[in-house]
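The values are calculated or read from the model by the stated rules, or taken from the named source; none is laboratory data. On a predicted model such as this, the values are computed, not experimentally measured, just so you know. Every residue, glycine as well, gets a Cβ built from its backbone with ideal geometry; the counts of neighbours run over all protein chains shown.
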């Protein structure tokens, strides 16, 4: 075990980590202590973790520093730890406890070992499974669900969810063309495979695409996913589809009825659907982009098709089919986001290491046998490698357990492009590349966290933390949240937008958000934007003038007291030019002060997020 001085330094440099947790616990342990014990015991391949008792986060430290508060009765707490670890769980946990004196205060280091595979999952006996089990995800302790439990039962002959029979489906729901396509892929990848000689019924049974139920062959979920007819997929699995959504600009358009947003719903057998989806996305890429399988043009770097395809494959292969939610591919003006139901079962700290934690292990086996998936357990590393080779930054990945979704994000341009360099040129302070990337991300996406910066730059936690702290010191960024939920938004000194080289843009980098260029956003050219407003609000907006400054704040509050409004709706009603500056300069501060609140406070990035006054 490390010395307490080393552990305290690590806490202050990196915050809590996947193997390190700080607890105040001055007089008693509390429930959260044993939740961390449970999580450390369960998390695969992490070798347990250390709980530091008697240390808490300093309230007056803007960067989340830790201070020693000490414990009042270490002997009693030691007995409580040993007793709780012996009685609370389905298997006894044997912690190693060390008491340390530091600056005349007593702290305790509690090392929790990882449980053996035969004992997992460890869970609170009073709660049972899955409610009583915990996993260590990042620096937080998370409840388990049925997907988590697969990790611990996969070596105990537990059946994968993708083998669930679809009782109302029949062999007539199997598409013969899809089976023939599978044979073609298998022959190319494994020409020596004995399965190629089998007839279709034997082949389908061998790969568990069909099973005998009451003396009748019935397709499994796997069978319909791989070989289901369009009619069968629509009837039995209506939400198993891929939605391609085209959104102009850099932010989600809350109003799905706006005519400039386009969608395409795609269904079909998985192996064919992947290629069809890739072709759809590629066809809609900006002009000037090409997607050759091999080399990259010297003057116009091309988004690598193989990286994009791998992300689509991963979304299909790893999504949770327990959840009725389609895969979404959202094409913004500056990036592509691919999102699927189901958080990553593999801990983020192991993403770049070989080996997979599979939800749908039989589907994954088919993908690997046909070379549909590149290499087992290294998809994220492969995508990063391909993007960097093509001259782009690494893609960013987000596994959100609360929303139960996984998202891959690919930018369609270089961050440090001519436009970005012009914008950064106004900054007087010298910045390193990591700090520049952080500012560009906030400019494009309104926020960033340590994980995203690490993924984009390849830096470690400490380097990313340094860059974000430096930008906070310069007041270009502001820290929000705390612990594992910490993120950063534009601060008071965040660089303003610069005049575009094209004067017709009137200083707007995105003319689609400029009311002077887009009649749909100009209240003077489009009276419908104000037609529904009460007369007093119309008059208040009209009285603002072209440069209202802080005078716009009471009008924003009046609008959001009238009803909850999205950013786009506020932009339209106020005749503002920039959605980003409206959020940064007014909406975010009003949220922080408590004068406004989110319509969906549990999910700040909800696609239909809106603002309302706190007393609405």
Can you name the number of the only condition in (1) modelled with pLDDT of 85 or more; (2) assigned to a helix (DSSP H, G or I); (3) out of contact with any strand residue (DSSP E or B) (no Cβ under 7 Å at 6 or more places or on another chain); (4) surrounded by fewer than 18 Cβ atoms within 10 Å (Cβ to Cβ) that residue 496 fails?
-> (2)
Taking into account only those residues within region 77-129 that are in a loop (DSSP other than H, G, I, E, B) and touching a helix residue (DSSP H, G or I) at 6+ places or on another chain (Cβ under 6 Å), which is surrounded by the fewest Cβ atoms within 10 Å (Cβ to Cβ)?
-> 92
Given 189, 256, 180, which one is surrounded by fewer than 15 Cβ atoms within 10 Å (Cβ to Cβ), over 26 Å from residue 146 (Cα atoms) and modelled with pLDDT of 95 or more?
-> 180
Out of all the residues in region 447-457, which are farther than 20 Å from residue 12 by Cα, at pLDDT 85 or above and surrounded by 22 or more Cβ atoms within 10 Å (Cβ to Cβ)?
-> 448
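Test of understanding: among 452, 457, which residue is closer than 24 Å to residue 335 by Cα, over 17 Å from the mean Cα position of the chain (by Cα) and in contact (Cβ under 8 Å) with a residue 12 or more places away in the chain? First the steps, then the outcome.
Working: 452 fails: over 17 Å from the mean Cα position of the chain (by Cα).
Going through 452, 457 in turn, the sole match is 457.
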Residue tally, condition surrounded by fewer than 20 Cβ atoms within 10 Å (Cβ to Cβ) and closer than 30 Å to residue 140 by Cα, over region 357-374 = 2
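Can residue 282 be described as surrounded by fewer than 19 Cβ atoms within 10 Å (Cβ to Cβ), in a helix (DSSP H, G or I) and modelled with pLDDT under 90? Outline the logic, then answer.
Details: surrounded by fewer than 19 Cβ atoms within 10 Å (Cβ to Cβ): yes; in a helix (DSSP H, G or I): yes; modelled with pLDDT under 90: yes.
Yes.
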Hey, residue 366 hits all of (1) in contact with a helix residue (DSSP H, G or I) (Cβ under 8 Å, 6 or more places away or on another chain); (2) without any contact (Cβ under 8 Å) to a residue 60 or more places away in the chain; (3) under 23 Å from residue 322 (Cβ atoms) but one; which does it fall short on?
-> (2)
Could you figure out which of (1) farther than 25 Å from residue 481 by Cβ; (2) touching a strand residue (DSSP E or B) at 6+ places or on another chain (Cβ under 9 Å) isn't true of residue 87?
-> (2)
Qualifying residue in region 573-585 (condition: touching a strand residue (DSSP E or B) at 6+ places or on another chain (Cβ under 9 Å), closer than 27 Å to residue 439 by Cβ and modelled with pLDDT of 85 or more) = no
Could you tell me which of the residues 311, 315, 341, 396 is crowded, with 20+ Cβ neighbours inside 10 Å, touching a helix residue (DSSP H, G or I) at 6+ places or on another chain (Cβ under 8 Å) and within 23 Å of residue 275 (Cβ to Cβ)?
-> 311
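Being within 26 Å of residue 9 (Cα to Cα) and buried (at least 21 other Cβ atoms within 10 Å of the Cβ) is the filter here; which residues of region 458-477 pass it?
Here is the first cut: in region 458-477, the ones within 26 Å of residue 9 (Cα to Cα) are 458-475, 477.
Selection gives 464, 467, 468, 471, 477.
Quick one: which residue in 87, 72, 83 is touching a residue at least 40 places away in the same chain (Cβ under 8 Å) and over 16 Å from residue 140 (Cα atoms)?
Sole residue among the options that is touching a residue at least 40 places away in the same chain (Cβ under 8 Å) and over 16 Å from residue 140 (Cα atoms): 72.
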Which of the helices (runs of 4 or more DSSP H) contained wholly in region 343-460 include at least 2 residues that are in the same structural domain as residue 479 (by TED's automatic domain parsing)?
-> 418-424, 433-445, 450-457
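What strands (runs of 3 or more DSSP E) completely inside region 152-246 contain at least 2 residues that are touching a helix residue (DSSP H, G or I) at 6+ places or on another chain (Cβ under 9 Å) and farther than 24 Å from residue 329 by Cβ? Explain how you work it out, then say what you get.
On the way: elements: 210-213, 216-219, 242-246.
Filter on region 152-246 gives 210-213, 216-219.
Determine which member of the set 43, 10, 16 is free of Cβ contacts under 8 Å to residues at least 12 places away in the same chain and under 15 Å from residue 139 (Cα atoms).
Values: 43 fails: free of Cβ contacts under 8 Å to residues at least 12 places away in the same chain; 16 fails: free of Cβ contacts under 8 Å to residues at least 12 places away in the same chain.
Just one listed residue meets the conditions, 10.
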